[in-house]
Amino acid sequence: MVDMTGHRDHTMLDISVISAVQELGRAVQTRVLSIATVCGQRFVRSRACIRMGGVACPEEPQDSASPGEPIALYPALAHCLDNHDSRAEAAGEDGLRHLWLPIWFGDKADTCLEIAHQGPFTPEAIHMISGIVSVYRNFQNLLDYSERDSLTGLLNRKTFDDQLARMLHASDSEPLVPGQPERRHHGGEEKQWLAVVDVDHFKGVNDRFGHLYGDEVLILVANLLQSSFRAQDRVFRFGGEEFVVLLRSTTLENARKIIDRFRTNVEAHVFPQVGQVTVSVGFTSVSASDSPVVTLGHADQALYYAKANGRNRACYYEELVAHGLLQTVATNDTAEFF
C-alpha cells in the first residue's frame with residue numbers, strides 16, 4: 001500500500017497495483033484493462049500486465065489504429081458493466097478462472113482489473129483484492145483530480161510536460177544496428193505527432209454571447225476532441241481556447257486524416273445559441289532530437305499560419321517549411337513555456 005500510494009503517475013500506479021495483487025493473490029496473470037467507447041461500441045485494451053514469475057510492465061497496442069478488442073469477447077465483463085456490478089467471474093477458454101473488477105467513478109468505468117487464477121477465488125481472496133482495488137480507485141481519483149482541467153475534464157497543462165517527454169523518449173527508443181546508418185523517418189513510416197488546436201474567433205463568442213456560452217463551446221469542443229481522436233492519443237486543454245493533442249504511432253497520412261476529421265466534426269456541429277464554430281490546427285512530427293519547447297514552437301508556427309490564412313484549416317509545419325511558406329525560427333529551448 002505504501003508503494004502504491006507513493007506514486008504520482010498513473011502508469012506507475014498501475015504497475016504497483018497489479019504487482020501487489022499478483023503477489024498477494026498468487027495469480028497466474030494480472031492486467032489493468034482500459035475500456036473505451038468508440039462509435040457507440042465498447043472496446044477493451046490491456047495497458048499493464050504481469051505474469052507469474054515475471055515483472056510488471058506497461059503494454060502498448062500492437063495496432064495503433066485499433067481501439068482494442070470488442071467487449072463481446074468478454075461477455076461476463078460486459079454484463080458486469082451493463083449492470084454496474086462491482087465484479088464478475090467466469091471460466092476462460094485458457095482453463096483459468098478470471099475475475100474482473102471495474103474501477104467505478106460514479107456511473108462510469110474506463111478501467112478494470114483482470115485477475116486470472118488456477119482455480120476459483122476464495123471469499124478471503126476476493127475480500128483482500130477488493131480492498132486493494134478500493135485504495136487504487138481512490139488514488140486514481142486523486143491523480144485524475146490533480147491532472148485534469150476542471151471545466152472540460154481533459155488533461156491539464158501541467159501534465160503535458162511529462163507526457164511529451166515520454167513521447168520524445170519513445171521516438172528515440174529504437175536501437176541502432178551496429179554498422180548500419182541511422183534510420184530516417186519518411187512520410188509513410190509511423191511517427192509521433194503534436195497538434196495545437198485553437199478555437200477561431202473565440203473572443204467574439206464571449207463578447208457576443210457571454211462567458212457561460214463560451215464555456216459551453218469549450219466543453220463541446222473538448223467532447224469532439226475525445227470522440228474524434230483515438231483511445232491511445234492524449235488530449236489536453238492547454239489554456240483558454242487552446243488545446244494540444246499528442247498522436248501516438250501513426251503515419252503522416254493518418255495523422256492528417258485524424259486531425260482533419262476532428263476539424264470537420266467541429267465545423268459540422270451546431271453549438272447551442274452560438275451556431276457554427278470552427279478551429280484552426282497546426283501540427284508537427286515529434287523528433288527526439290528536438291526539445292519540448294522546439295516541438296511545441298513548430299506546431300505553434302503552423303497554427304499561426306493557419307489562422308493568418310483563412311482559419312478553419314489544419315497546417316503541417318514541415319510541409320510549410322518545405323514549400324517556403326514558413327522559415328524555421330530559432331527557439332530558446334531553455335524557456336519555460338509549460
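Per-residue ellipticity at 222 nm from helix content only, as computed over the chain with -39500 (n - 2.57) for each DSSP H run of at least four residues, stands at -12500 deg cm²/dmol. Peptide packing: for 246-256, 80-90, the average count of neighbouring Cβ atoms within 10 Å per residue gives the ranking 246-256, 80-90, highest mean first. Cross-link partners of K203 among lysines, defined as those whose alpha carbon lies under 22 angstrom from its own and excluding same-chain residues fewer than eight positions apart: K307.
Each 10 Å bin from zero holds the following percent of Cα-Cα pairs in the stretch 186-338: 11, 41, 34, 12, 1. Length gained on full extension, Y304 to N254, computed as 0.36 nm times the residue gap minus the Cα-Cα distance: 15.7 nm. Here the spin labels are modelled as points 7 Å beyond Cα on the Cα-Cβ line, and at L142 and D207 they lie 4.6 nm apart. Per-residue accessible area (protein heavy atoms, 1.4 Å probe) orders M52, M167 as M52, M167, starting from the largest.
Under 13 Å of direct C-alpha separation, and excluding same-chain neighbours fewer than eight residues apart, K108 reaches these aspartates and glutamates: D82, D85. Largest accessible area first, the residues Y316, Y213 order themselves as Y213, Y316 under a 1.4 Å probe with ligands, DNA and RNA left out. Protection proxy ranking for 141-154, 96-109, using the average of other Cβ atoms within 10 Å per residue and placing the highest first: 96-109, 141-154.
If you take the beta carbon distance between V321 and L151 as r and set R0 to 51 Å, what does 1/(1 + (r/R0)^6) give as a FRET efficiency, to the nearest 0.05? Between V321 and L151 the formula returns 0.90.
Net length available on complete extension from D85 to N265 is 61.3 nm, with 0.36 nm assigned per residue and the Cα-Cα distance removed.
Taking a straight Cα-Cα cut-off under 19 Å and skipping sequence neighbours fewer than 8 places away in the same chain, the lysines within cross-link reach of K191 are K257.
Here are a few candidate values for percent of Cα pairs over 37 Å apart: (i) 21; (ii) 17; (iii) 26. Which one was actually calculated from the structure I just gave you? So the structure-derived entry is (iii).
Approximating the spin labels as points 7 Å out from Cα along Cα→Cβ, the E190-to-L96 distance works out to 2.5 nm.
The values are calculated or read from the model by the stated rules, or taken from the named source; none is laboratory data. This is a predicted model, so every value here is computed, not measured. Note: ideal-geometry Cβ built from the backbone for every residue, glycine included; neighbour counts use all protein chains shown. Heavy atoms of the whole protein, side chains included, go into the accessibility calculation; ligands, DNA and RNA do not. Shrake-Rupley method; radii C 1.70, N 1.55, O 1.52, S 1.80 Å.
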